[in-house]
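Quick notes on the structure that follows.
The values are calculated or read from the model by the stated rules, or taken from the named source; none is laboratory data. Model, not experiment: these values are computed from the prediction. When we count neighbours, we look across all protein chains shown, and the Cβ atoms used for this are built from the backbone with ideal geometry, even at glycine. The accessibility values were calculated without ligands, DNA or RNA, using every heavy atom of the protein model including side chains. Shrake-Rupley method; radii C 1.70, N 1.55, O 1.52, S 1.80 Å.
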Amino acid sequence: NSFGFVFSQSYVSLKKSQCYHPDSVRYLKISRKKLSALPSMIWGFKNLKGLDVSKNKLTSIPDSISILKDLEVLNLSKNKLLLFPKQLFDCKKLKQLNLSSNQIGVIPEEVAQCSELQQLDLYNNPIGDLGQGLHTLKNLVELDLRGLMMNANKQREIAEKMPHVRILFDTPCNCVD
């Protein structure tokens, strides 16, 4: 994908993670498992830097995610999330967040608390309100807003508020704000 998420680190499966000491597991991939909740054993991997739980059936993220203090990369794409996971505001080191292909409609102002965020993928969500929090993310470098229906004026307005961010848009629609 053109978004440039770095997945070169070696991600291990949940099954394979059993072969390692929990403190040594840095990157964990649990995708395509039809999960509706995150397995509680994840919280034992205190040094986790990357977590890929894409292509599941998650509708929410538990508060326990805040245990993962070193989490930098989180892939929650292709799940069933209805709300932006506010639990992530406690993950202060989060740099890359993929929320593409979910059902998120609003980006809360508190997203500003994710101050280390560099890449945010919101592709293909029915977002009606981007809020004001995104504009305050000083470290944001890339923002994927493709799949969101926006006219040229709305796209220009967003781009002007975030001049240092590479924003991916679809061709503007001939729709009214």
Worksheet item: Considering region 134-164 alone, what residues qualify as being closer than 21 Å to residue 109 by Cβ, touching an Asp or Glu at 6+ places or on another chain (Cβ under 7 Å) and at pLDDT 95 or above?
Response: 139, 144
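Which residue is most open to solvent (accessible area, probe 1.4 Å), if the candidates are limited to region 142-160 and must be touching a residue at least 12 places away in the same chain (Cβ under 8 Å) and over 23 Å from residue 83 (Cβ atoms)?
Kept after step one, since they are touching a residue at least 12 places away in the same chain (Cβ under 8 Å), are these residues of region 142-160: 142-155, 158.
Now drop any that are not over 23 Å from residue 83 (Cβ atoms), which leaves 151-153, 155.
Numbers: 151: 20, 152: 46, 153: 96, 155: 22 Å².
Ranking the qualifying residues of region 142-160, first place goes to 153.
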Practice prompt. Would you be able to say whether some residue in region 20-27 is loosely packed, with under 15 Cβ neighbours inside 10 Å and at pLDDT 95 or above?
Written response: no
Worksheet entry | From 167, 104, residue being assigned to a strand (DSSP E or B), β-branched (Val, Ile, Thr) and modelled with pLDDT of 95 or more | 167
Discussion item. Can you pull out every residue in region 28-53 that is hydrophobic (A, V, I, L, M, F, W, C), open to solvent by less than 50 Å² (accessible area, probe 1.4 Å) and in a loop (DSSP other than H, G, I, E, B)?
Written reply: 30, 35, 38, 45, 48, 53
Worksheet item: Of all residues in region 106-136, which are of a type in the set (A, V, I, L, M, F, W, C), open to solvent by less than 10 Å² (accessible area, probe 1.4 Å) and touching a residue at least 24 places away in the same chain (Cβ under 8 Å)?
Response: 107, 111, 114, 120, 122, 134
Discussion item. For region 89-112: of the residues being within 22 Å of residue 32 (Cα to Cα) and aliphatic (A, V, I, L, M), which is farthest from the chain's Cα centre (by Cα)?
Written reply: 104
Discussion item. Exactly one of these conditions fails for residue 139: (1) under 18 Å from residue 88 (Cα atoms); (2) in contact (Cβ under 8 Å) with a residue 24 or more places away in the chain; (3) surrounded by 16 or more Cβ atoms within 10 Å (Cβ to Cβ). Give me its number.
Written reply: (3)
Response to the item:
Log entry, pairs with first residue in region 64-91 being aromatic (Phe, Trp, Tyr), second being open to solvent by less than 40 Å² (accessible area, probe 1.4 Å), beta carbons closer than 6 Å, six or more apart or on different chains, reads 84/104; 84/107; 84/108
